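In what follows, a single structure is set out as structure tokens and then discussed.
The values are calculated or read from the model by the stated rules, or taken from the named source; none is laboratory data. All values derive from a computational prediction rather than experimental measurement. Backbone-built Cβ (ideal geometry, glycine too); neighbour counts: all protein chains shown. Each accessible area value is taken on the protein alone, full model and side chains, heavy atoms only, with ligands, DNA and RNA left out. Shrake-Rupley method; radii C 1.70, N 1.55, O 1.52, S 1.80 Å.
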Amino acid sequence: MDEAVETAMRLFHARGYDAVGVAELGAELGIKPPSFYAAFGSKAGLFERTLRRYAAGEANVFARARAEGGDVAAVIGRTLALAAELYPGLGGTAGCLVLDGARNSADPEAQALADAAKREGRAAVRDFIATEAPDRADALADLVVVAMMGMSAAARDGADRERLERVAAMMDRAFRRELSGA
């Protein structure tokens, strides 16, 4: 089952939720539609599993940055730097699955799943920032999340690592200024 989720994650990440059909998923996973539905319930059920797997792995740049320790400024700086490193091509696919996998999806369930994952990620960033700047945590979390969304979109449009690293460094400086109240 883990291999199936990895395969689906690769497909959803590369082309987006709507562009990947159940027939293609079944063929890639080596199962027929009845077995697919028995295993995952629905395409959205598989997408939910892929989002969870993606967020639990190396793609969760905030969790990776936080695991290294440090104050809010250091962790956010590392988060942005890791995003700049990862977004140009994790496994050959640019951008972030959580941020871009269901963008403009016509499926309300897929959109809701992606939105929930985005809210969860933003809440984790906000709650961490609140340990040092509780009164400004929401605004600072918005700064970080919007920067990451922009970096993901830019990577999907072809921005390379060097370009994203420059953006991450500038956003790190902007975040530090805002955090300090300067």
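If you add up the charges near Leu29, with Lys and Arg at +1 and Asp and Glu at -1, over every other residue whose beta carbon is less than 13 angstrom from its beta carbon, what do you get?
-1
Over the stretch 1-147, calculate the relative contact order: mean separation of alpha carbon pairs under 8 Å at least 6 apart, over the residue count, as a percent.
The value is 24 percent.
Rounded to the nearest whole Å³, what is the per residue volume of the convex hull around the Cα atoms of the stretch 77-117?
Normalising the Cα hull of the stretch 77-117 by residue number yields 77 Å³.
Taking 0.36 nm per residue of separation and subtracting the Cα-Cα distance, what length does fully extending Asp127 through Ala56 add?
23.7 nm
Based on the Kirkwood radius over alpha-carbon pairs, what value in µm²/s does the Stokes-Einstein equation return for the translational diffusion coefficient of the stretch 40-182 at 4 °C and 1.567 mPa s?
84
Using modelled backbone amide H atoms (1.01 Å from N, in-plane), which distant-in-sequence or interchain residues come within less than 5 Å of Thr93's amide H?
none
Once you have the Kirkwood Rh of the stretch 1-90 from its Cα pairs, apply Stokes-Einstein at 20 °C and 1.002 mPa s and quote D in µm²/s.
148
Just to check, using Stokes-Einstein with a Kirkwood Rh over alpha carbon pairs, what's the diffusion coefficient of the stretch 114-156 at 25 °C and 0.890 mPa s in µm²/s?
230
Compute the distance in nm between two label points, each set 7 Å from the Cα along the Cα-to-Cβ direction, one at Ala19 and one at Ala67.
3.0
Which FRET efficiency value, to the nearest 0.05, is calculated for Arg176 and Glu28 with the Förster distance at 45 angstrom and r the Cβ-Cβ distance?
With R0 = 45 Å, the Cβ-Cβ based efficiency is 0.55.
Residues of the chain: accessible area per residue at 1.4 Å, in Å²?
Per residue, the chain has 50 Å² of solvent-accessible surface.
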